[in-house]
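First the structure, in the form of C-alpha cells, and then the observations on it.
The values are calculated or read from the model by the stated rules, or taken from the named source; none is laboratory data. A quick note: this is a predicted structure, and the numbers were derived from the prediction, not measured. Counting neighbours? That spans all protein chains shown, and the Cβs are built from the backbone with ideal geometry, glycine included.
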Amino acid sequence: MRIGISVLTHEGQNIWENGLGQNIVFLAEAFQRLPFVESVVLIDVGNQKALAPQVDTTEKRLALLTMREAGDVVDVIVEMGGALDGEWLQLMRARGKRVVYYCCGQPFAGLAESPVFSKPAHALRPDRCDEVWLLPKDATLLTPMMRVQHRCSVYEVPFIWHPQFVQQRIDEVAKLSLHYGYTPRRTDEKGNARGLRVAILEPNISVVKTSSIPMLVCDLAYRKDTRSVSAMHVLNTLHMKDHLTMLHFSNSLDLVRTHKATFHGRHDVVGFMVQHAEAVVAHQWENAQNYAYLDVLYGNYPLIHNSPWLRDAGYYYPDFDADEGARKLLYAADHHDESLTAYSNRSNAVFKAVDPFNPRNLSQYALRLKHLIDSRQTTTARGV
C-alpha cells in the first residue's frame with residue numbers, strides 16, 4: 001500500500017504554529033511502521049516546496065510531492081493538512097484510489113463559525129471522500145453530523161502524540177542556558193513558596209479554546225489568596241486587546257488592577273515557559289485533546305485544565321466551573337512541589353497511551369487502512 005497525506009506549506013511556516021503539522025508527521029511515521037505499507041509521501045497543496053525547518057524530511061524518508069507527481073505513486077490519499085483539488089480527487093477515485101478525510105479540527109466550530117463571524121473558509125465538496133476519520137474528542141458527539149454531511153462512513157481513530165518536537169525545542173533553548181521543566185519554587189522566610197507565574201496559552205480564534213475561563217480561574221485564586229498567583233500571562237490576545245468587551249472584562253479582574261497581568265502575542269510553549277511561567281491554566285469547549293497540554297505535562301508543570309480525556313493527569317476541573325478551577329490552582333500552588341513524582345507518573349501513562357508507535361495505536365490504524373482497501377475491492381467486485 002502506498003499512502004499520500006496532504007500538507008499545506010506556506011511562507012514563514014513553523015512546526016509550532018499549530019498542532020496539525022506535528023500530527024501529520026506522527027501519522028506518517030506510524031504508517032511507515034506498518035508492514036503492508038510500501039511508502040508514505042506528503043502531497044503539498046502550498047507554495048514553498050519544503051516543510052517547516054524543524055522537520056528533516058530526508059531523515060524521516062518523507063518525499064514532498066505535488067498532486068500531479070503523487071497521482072501515480074499513491075493508493076490511499078489522506079486529506080489532512082491541506083484541501084486537495086476536488087477534480088483531482090474525483091479523478092483519483094475514478095482510478096480506484098481511496099480518499100480519507102482526516103478531520104483534526106473541531107468540525108462543528110469550523111462549519112458554524114465561518115459564516116457567523118465572516119471568517120475565511122474553503123467551500124469543499126462534501127462527497128469528495130470514501131471515509132471520514134475523527135479523533136476521539138469529536139467522534140462521540142459529531143459522528144452523526146459528519147456522516148450526514150459527507151455521505152459516507154465515519155470512523156474514530158487514535159489521537160497520537162510524540163515528544164520529538166518538544167524535546168527538539170528543549171534542546172535548542174538549553175543551548176541558551178534556559179531550562180524547560182518545572183523547578184521547585186524558592187520559599188520565603190516563613191517557608192511559603194512564592195506564587196505561581198501562570199500562562200494561558202489558548203489561541204483565542206474560536207470559541208472552543210479561549211482565555212476567558214482561565215482568566216477567571218486565576219483571578220479567583222488570587223482573590224482567595226494573593227500569594228497564590230504572582231503573575232498572569234495571557235497569550236494570543238493582541239488581536240483583541242482593544243475590543244470593548246475584552247477591555248471591560250480584563251479591567252474587572254483584580255490581577256489586572258494590581259498590575260500582575262500581562263497580555264502577549266503568539267509564542268511557542270517551550271520558549272515562553274522557560275522565561276515567564278511555571279504553571280498553565282487551560283480551558284476548552286468540546287475540544288479536549290490538545291498537543292499544548294501534553295507539551296506542558298512533558299515539562300512537569302502544573303496544568304489546570306477541564307479536559308475529561310486528561311481527568312487523571314494534571315489538575316482537572318469540570319466544564320466551565322471557574323470556582324473549581326481556582327481551587328485546583330490553589331492546590332497546585334500549595335502542593336505541586338511535594339507531589340512531582342506521582343504527577344510525572346500520571347503524565348507518563350498518558351504519553352504511553354498516545355505514542356504513535358504504541359502497538360495498540362498501530363493496530364487500529366492498520367485496521368482502518370485494511371478496511372478501506374477491502375471495502376473498495378468489495379465495491380469493485382459488485383460492479384458498483
Any residue that is buried (at least 16 other Cβ atoms within 10 Å of the Cβ), assigned by TED's automatic domain parsing to the domain that holds Q289, of a type outside the set (K, R) and not in a helix (DSSP H, G or I) - is there at least one of those in the range 209-224? yes
For the range 125-146, enumerate the residues that are of a type in the set (D, E, K, R), assigned to a loop (DSSP other than H, G, I, E, B) and either in the same structural domain as N306 (by TED's automatic domain parsing) or more than 19 Å from S375 (Cα to Cα) (or both). R125
Somewhere in the range 273-282, is a residue among the polar types (S, T, N, Q) and assigned by TED's automatic domain parsing to the domain that holds G96? no
Of the candidates S6, S39, the one satisfying the condition of being buried (at least 17 other Cβ atoms within 10 Å of the Cβ) and outside the structural domain of I170 (by TED's automatic domain parsing) is S6
Report whether or not Y316 is over 15 Å from I200 (Cα atoms), of a type in the set (S, T, Y) and within 21 Å of the chain's Cα centre (by Cα). yes
Examine the range 95-109 for a residue that is within 22 Å of I160 (Cβ to Cβ), surrounded by fewer than 21 Cβ atoms within 10 Å (Cβ to Cβ) and among the small types (G, A, S), and state whether such a residue exists. yes
Mind checking which residues of the range 219-242 are in contact with a Leu (Cβ under 6 Å, 6 or more places away or on another chain) and either within 12 Å of A282 (Cα to Cα) or of a type in the set (S, T, Y) (or both)? Y222, S228, L235
Filter result (polar (S, T, N, Q) and within 23 Å of A366 (Cβ to Cβ)) within the range 141-180: T143, S153, Q164
Given the criteria farther than 24 Å from Y315 by Cα, at pLDDT 95 or above and not basic (K, R), does C152 qualify? yes
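Matching residues to (1) within 19 Å of N290 (Cα to Cα); (2) part of a loop (DSSP other than H, G, I, E, B):
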residue: D312; (1), (2): yes, yes
residue: E338; (1), (2): no, no
residue: N345; (1), (2): no, no
residue: F351; (1), (2): yes, no
Helices (runs of 4 or more DSSP H) wholly in the range 10-124 with at least 1 residues that are in contact with a strand residue (DSSP E or B) (Cβ under 6 Å, 6 or more places away or on another chain) and under 23 Å from L294 (Cβ atoms) - which ones? 20-32
May I ask you to say which residue of H248, H259 is farther than 18 Å from A326 by Cβ, without any contact (Cβ under 8 Å) to a residue 60 or more places away in the chain and in a loop (DSSP other than H, G, I, E, B)? H259
Matching residues in the range 229-245 - criterion: being outside any strand (DSSP E or B) and under 21 Å from E17 (Cβ atoms): L235, N236, T237, L238, H239, M240, K241
Pairing a residue in the range 84-96 that is under 20 Å from A121 (Cα atoms) with any residue that is surrounded by fewer than 14 Cβ atoms within 10 Å (Cβ to Cβ), where Cβ atoms lie under 7 Å and the two sit 6 or more apart in sequence or on different chains, gives G86/R125
Given the options D312, D319, name the one that is touching a helix residue (DSSP H, G or I) at 6+ places or on another chain (Cβ under 6 Å), at pLDDT 95 or above and more than 20 Å from L134 (Cβ to Cβ). D312
